[in-house]
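Written below as structure tokens is the structure these notes are about.
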Amino acid sequence: MASSIFSVLNDIFQALRGANTTFLTDQHVPGAELTGKWIIITGSNNGVGFEAAKSFASWGANLVLACREPPAWEQHPTAAVNECKELATTRGHSSTIEWWPIDMADLSTVDAFCKKWLECDRALDVLCNNAGIAEPTQQTRITKDGFQMVHQVNFLSHVLLTLQLLPSLARSAEPRVICTTSCYHHLGQFDLEHVNDESGSRGNDYRNNKLYFQMWVTEMQSRFLKHPEYLHITINGVHPGFVASGIWDGLENAGRAPGGLNLLLRYVAISSQQGGLAISHAVTSSEFGPDPKKQGVGAENGRGGGKYINRVWEAPMKSYCNDPEARSRLWIKLDEQLGLQEKGLLVVLGL
């Protein structure tokens, strides 16, 4: 009983650590030379994804902004592309920066996006799995693919995207996959029986799927290390902070924002620019790069992947993330839901 109470208190403490408001500067995120690198970042027309994209553009990267056709309250991806291009040009870069449509609530668009990218025959240096919603703003909570909206948008679609792009990532010298998880994963429940049951986890979809996402990050890294073709890929989860970003706009416009949210956003939350730096740091920091001893590439101080980064600092994960049996059960559930084995996406990584 005492250990159970301690575990709950620890989870609450770790979740609260995510509200760290330390102001990040160039000392925390000095930037990097990204000229010639190719980066795909989902959900990058606004919020932390857009801010990270701006940093990448100013550092010379080629960018694909992977975004849906947005609702009226969000910046359109074409405007985001134009601003990133202007930043790149100002810094003397002649980067390729484009918007490619993808809707994480429609798996067919994920397939189409990946097919288009693979046909380009390029190595992918960085994949930022960033798109997400706080909660569905539409009347229906189920996507056309038959999944809970949050479950698919925040998690399933990024699993499918990553697995399909693995051959392209493997062609890069030191590829990284960055997944926007959350400190709220500490408050998530591991409940695979109700992962797609609307009556089972209603109201907890966000935190539960952030838990599943962080568990999957850890499991993916462990499987990369067992396969020579993917040994050099590093994957990490990052909590950008409690950010006053566009992720909350839909709730407010739909009249579904929880009480007190506006006060928290005004007086506690950090800016999207500060949140974006967390993603930029995870992409460029040698500390969170590949471990040369385990992966055969990387800087001397690289610590490898499978980690949870609270803004720019490594932090403990919820216990389920370190539980191989729980991660295996999640892996099997993903195969069941997405038909990954039938699609040939689990052949090299195994069940």
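The values are calculated or read from the model by the stated rules, or taken from the named source; none is laboratory data. Here the structure is a predicted model, which is why all the values come from computation and not from measurement. No Cβ is skipped: glycine too gets one built from the backbone with ideal geometry, and neighbour counts run over all protein chains shown. To get the accessible areas, we keep the full protein, side chains included, count just its heavy atoms, and leave off ligands, DNA and RNA. Shrake-Rupley method; radii C 1.70, N 1.55, O 1.52, S 1.80 Å.
Roughly how far apart, in whole Å, are the Cα centres of segment 150-219 and segment 227-244? So the separation of the two Cα centres works out to 11 Å. Protection proxy ranking, highest mean first, for peptides 149-161, 88-100, 104-116: 149-161, 104-116, 88-100, where packing is the per-residue count of other beta-carbon atoms within 10 Å, averaged.
So, with a 1.4 angstrom probe, what is the percent of accessible area on segment 1-92 that is carbon and sulfur? Within segment 1-92, the accessible surface is 57 percent carbon and sulfur.
Look at the Cα gyration tensor of the chain: its axes a ≥ b ≥ c give a/c under 1.5, and that counts as rounded. Looking at the chain alone, DSSP beta bridges between its own residues are antiparallel in about 15 percent of cases. Residue separation of Ser271 and Glu33 scaled by 0.36 nm, minus their Cα-Cα distance, works out to 83.2 nm of gained length.
Inter-label distance, Phe6 to Ser286: 3.9 nm, where each label sits 7 Å from its Cα along the C-beta direction.
The string of couplings for segment 321-327 from the Karplus curve (6.51, -1.76, 1.60, θ = phi - 60°) is 5, 9, 9, x, 5, 5, 5 Hz, one whole number per residue in order, with x for Gly and Pro.
When you count, for each residue, the other Cβ atoms within 10 Å and take the mean per peptide, how do 48-57, 219-228 rank with the highest first? Spell out each step's value before the answer.
Details: 48-57: 27.8, 219-228: 18.0.
By packing density, highest mean first, the sequence is 48-57, 219-228.
A 1.4 Å probe run over the protein chains yields, for the chain, 42 Å² of accessible area per residue, whole-number rounding.
Across segment 284-290, coupling constants 3J(HN,Hα) worked out from phi with the 6.51/-1.76/1.60 Karplus curve, θ = phi - 60°, read 10, 5, 5, 4, 9, x, x Hz, and Gly and Pro carry x.
Rounded, prolate or oblate, given the Cα gyration tensor of segment 74-138, with a/c below 1.5 counting as rounded? Oblate. Across segment 146-160, coupling constants 3J(HN,Hα) worked out from phi with the 6.51/-1.76/1.60 Karplus curve, θ = phi - 60°, read x, 10, 4, 4, 5, 4, 6, 5, 7, 9, 4, 5, 6, 4, 4 Hz, and Gly and Pro carry x.
Could you tell me which of rounded, prolate or oblate describes segment 1-116, using a ≥ b ≥ c as the square roots of the eigenvalues of the alpha-carbon gyration tensor, with rounded for a/c under 1.5 and, failing that, prolate when a/b is larger than b/c and oblate otherwise? Here segment 1-116 falls in the oblate category.
Inter-part distance, segment 290-351 to segment 104-119, computed on C-alpha centroids, equals 22 Å. How much mean residue ellipticity at 222 nm does the chain get from its helices, if each DSSP H run of length 4 or more adds -39500 (n - 2.57) and you divide by all residues, to the nearest 500 deg cm²/dmol? Helix contribution divided over all residues of the chain: -11500 deg cm²/dmol.
Model label points for Glu325 and Ala299, set 7 angstrom from Cα along the Cα-to-Cβ axis, are 4.0 nm apart. For Ile332 and His76, the difference between the fully extended length at 0.36 nm per residue and the C-alpha to C-alpha distance is 88.5 nm. Placing pseudo-labels 7 Å out from each Cα toward the beta carbon at Ala19 and Gln189 gives an inter-label distance of 2.3 nm.
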